[in-house]
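S.K.: Mind having a look at this structure? Questions to follow.
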Ligand code: F6R
C-alpha cells in the first residue's frame with residue numbers, strides 16, 4: 001500500500017518524514033535505517049538533527065546502511081556519500097560510527113565488495129525503514145532503467161541523465177564518477193517500511209509514472225507499487241501531476 005502525503009514546502013516535508021523515523025526509533029531504539037543521499041532528504045536529516053538537539057531522540061543504538069556510494073571516491077572526498085552522511089547527519093547526532101555502513105568506494109575488487117555489502121545488510125537482520133529519493137529517470141539507489149530488476153548489491157553504471165543531474169555537485173561533468181555501488185531493488189524492497197522523499201517539478205511526471213504506471217524495470221521506482229508499507233512525502237510541485245490525474249490520491253498534510 002502506498003500513502004502519498006503532500007507537504008506545504010520542503011521544511012514541512014522534512015518534519016513529517018522525520019516524525020515517521022522518530023516514531024520508529026521510539027518503538028525500537030536499535031532500529032536499522034536504510035539511508036539515501038542527494039538533495040531530497042536534506043530537510044529530513046535537518047529535522048532529525050533538530051530533534052536530537054532538543055533531546056527528543058537518541059541514535060546511540062541505531063544502525064544504518066546506506067543505499068549507495070560512488071566507485072573511486074574515498075570516504076573523505078567532498079562528494080562521497082560517506083562524507084555527505086557525516087556532514088548532514090552522523091557527526092551531528094550521537095550515533096556510533098561503528099554502526100554506520102556504506103559500500104567502500106575504493107574497494108579493490110568490486111564484485112567482492114558487492115558480496116561483502118550484502119553480508120553487512122543481512123547481518124543487521126533486515127532494514128526496518130528505508131529512505132529513498134527518486135532519480136529523474138525513475139531510478140532508486142543507483143538502479144537505473146533496465147530490462148530486469150536488480151536483486152542484491154550491484155555495480156551500477158550511471159545513466160547519462162543521472163550523470164547530468166549529479167554534475168551540479170562537482171566542479172565539472174567530467175569529474176562525476178560513472179559507476180557506483182548500489183543496493184539492489186530486491187534488497188530495497190525487503191525493508192519493513194519505505195519512506196520516499198520527492199521535491200520539485202522535474203520529478204512530477206516520473207513520480208506519477210512510477211506510482212500509477214506499469215510496474216516495470218524500465219521505471220525502477222515502479223516496484224514501490226508492490227510494497228506493503230510505502231509512504232511518499234512530496235512538495236506541491238512534485239505532487240502536481242498526480243493531483244491532476246488522480247484526484248483524491250494525495251493526502252494534504
Ligand atoms: C542517493 C540515491 C539516489 C537519489 C536520487 C535523487 O543515495 O540513492 O537514488 O535519491 O538520485 O536525488 P536528489 O534527491 O538529489 O534529486
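Every number here is computed from the coordinates shown, using simple stated rules; none is lab data. Every value quoted in this text rests on a predicted model; they were computed, and no experiment measured them. Cβ atoms come from the backbone with ideal geometry, glycine included; neighbour counts cover every protein chain shown.
S.K.: What distance in nm separates the two pseudo spin-label positions at residue 3 and residue 201, each 7 Å out from Cα along the beta-carbon direction?
M.R.: In this crude label model, residue 3 to residue 201 measures out at 3.0 nm.
S.K.: So how far apart, in nm, are the two label points at residue 212 and residue 56 if each is 7 Å from Cα heading toward Cβ?
M.R.: 3.3 nm
S.K.: Now a separate question. Would you calculate, for the chain, the mean residue ellipticity at 222 nm contributed by helices, counting each DSSP H stretch of 4 or more residues as -39,500 (n - 2.57) and dividing by all residues, to the nearest 500?
M.R.: Value at 222 nm, helices only, nearest 500: -9500 deg cm²/dmol.
S.K.: Here's a follow-up. Work out, step by step, the length gained on full extension between residue 190 and residue 11: first 0.36 nm times the residue separation, then minus their alpha carbon distance; give nm to one decimal.
M.R.: On the way: separation 179, 0.36 × 179 = 64.44 nm, distance 2.87 nm.
Extra length from residue 190 to residue 11 when fully extended: 61.6 nm.
S.K.: Modelling each spin label as a point 7 Å along the Cα-to-Cβ direction, I'd like the residue 19/residue 74 distance in nm, to one decimal.
M.R.: My value for the distance between the label points is 4.3 nm.
S.K.: I need the calculated FRET efficiency for the pair residue 146 and residue 244, taking r as the beta carbon distance and R₀ as 30 Å, to the nearest 0.05. Could the numbers behind the result be given before it?
M.R.: Values: r = 29 Å, r/R0 = 0.97.
With a Förster radius of 30 Å, E is 0.55.
S.K.: Sort 40-50, 17-27, 79-89 for me by packing, meaning the mean count of neighbouring Cβ atoms within 10 Å per residue, highest on top.
M.R.: Sorting 40-50, 17-27, 79-89 by mean packing, highest first, produces 40-50, 79-89, 17-27.
S.K.: Based on Cα positions only, what radius of gyration and what Dmax would you give for the range 34-76, in angstroms?
M.R.: Looking at the range 34-76, its Cα Rg and Dmax stand at 12.8, 38 Å.
S.K.: Which residue, 212, 181, 90, has the most motion in a Gaussian network model of the chain that connects Cα atoms within less than 10 Å?
M.R.: Result: 212 has the largest fluctuation of those listed.
S.K.: While we're here: Could you state the orientation-averaged shadow area of the convex hull built on the Cα atoms of the range 1-42, in nm² to one decimal? Show your work: numbers first, answer last.
M.R.: Working: hull surface 15.0 nm².
That works out to 3.7 nm².
S.K.: Starting from the Cα gyration tensor of the range 104-209, take the square roots of the eigenvalues, sort them a ≥ b ≥ c, and report rounded, prolate or oblate (rounded when a/c is under 1.5, otherwise prolate if a/b is larger than b/c, else oblate).
M.R.: oblate
S.K.: Once you've got the GNM for the chain with C-alpha springs shorter than 10 Å, pick whichever of 229, 66, 154 has the biggest mean-square fluctuation.
M.R.: 229
S.K.: Still on this structure, please answer the following. Note down the Stokes-Einstein diffusion coefficient of the range 12-156 in µm²/s, whole number, using a Kirkwood radius over alpha carbon pairs, 10 °C, and 1.306 mPa s.
M.R.: The Stokes-Einstein estimate is 100 µm²/s.
S.K.: Over 31 Å apart: what share of the alpha carbon pairs of the chain falls there, rounded to a whole percent?
M.R.: Here the tail beyond 31 Å accounts for 18 percent of pairs.
S.K.: Using the beta-carbon distance between residue 172 and residue 112 and R0 = 25 Å, what value does 1/(1 + (r/R0)^6) give for FRET efficiency, to the nearest 0.05?
M.R.: Details: r = 31 Å, r/R0 = 1.25.
Here the calculated transfer efficiency is 0.20.
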